[in-house]
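Structure record follows, encoded as structure tokens.
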Amino acid sequence: MVVTAKWRQHIEAWQRSGMSQAEYCAEQQINVRTFTARLSDYRKLPAAGSAALIPVHIEPSAPASLVFTHAQGHRLELPASVSARWVAELLRCLA
């Protein structure tokens with residue numbers, strides 16, 4: 001169940017009060033079982049500002065390739081492992 005603002009206020013007031021749950025509920029005229037159920041829901045909520053770690057599995061991807069396409073439709077595909085200097089020299093020659 002969703003913990004409403006009303007229940008959040010009751011729970012936080014009880015925590016500050018120093019009273020037992022039964023004492024607080026009697027004073028506030030709240031059903032003890034209902035209070036206990038809302039307290040259980042409240043405790044299951046993530047703490048404000050808390051960070052959670054999420055497990056992540058990373059699989060290596062296939063090596064990418066470099067693809068050059070000319071305006072006239074010519075296409076040159078090179079493996080990603082090709083030297084950047086070699087590609088730069090190639091582009092200078094084509095210019």
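For the reader, a short list of remarks on this structure follows.
- Criterion applied to Arg38, Arg43 was being at pLDDT 85 or above and open to solvent by less than 90 Å² (accessible area, probe 1.4 Å), and the one residue passing it is Arg38.
- Per this entry, Ser61 is counted among residues that are open to solvent by 90 Å² or more (accessible area, probe 1.4 Å) and either of a type in the set (Gly, Ala, Ser) or in contact with a Gly (Cβ under 9 Å, 6 or more places away or on another chain) (or both).
- Single match in Gly49, Gly73 (criterion: under 36 Å from the mean Cα position of the chain (by Cα) and either at pLDDT below 95 or exposed (fewer than 11 other Cβ atoms within 10 Å of the Cβ) (or both)): Gly49
- All positions within segment 1-33 that are under 17 Å from Leu45 (Cα atoms) and either of a type in the set (Val, Ile, Thr) or touching a Phe, Trp or Tyr at 6+ places or on another chain (Cβ under 6 Å) (or both): Val2, Val3, Thr4, Ile11
- Screening Phe68 with (1) surrounded by 10 or more Cβ atoms within 10 Å (Cβ to Cβ); (2) over 30 Å from Leu94 (Cα atoms) gives one miss only, at (2).
- Breaking point among (1) modelled with pLDDT of 85 or more; (2) open to solvent by less than 100 Å² (accessible area, probe 1.4 Å), for Arg92: (2)
The values are calculated or read from the model by the stated rules, or taken from the named source; none is laboratory data. Here the structure is a predicted model, which means the values were calculated and not measured. Every residue, glycine as well, gets a Cβ built from its backbone with ideal geometry; the counts of neighbours run over all protein chains shown. Areas reflect the complete protein model, heavy atoms only, side chains present, ligands, DNA and RNA absent. Shrake-Rupley method; radii C 1.70, N 1.55, O 1.52, S 1.80 Å.
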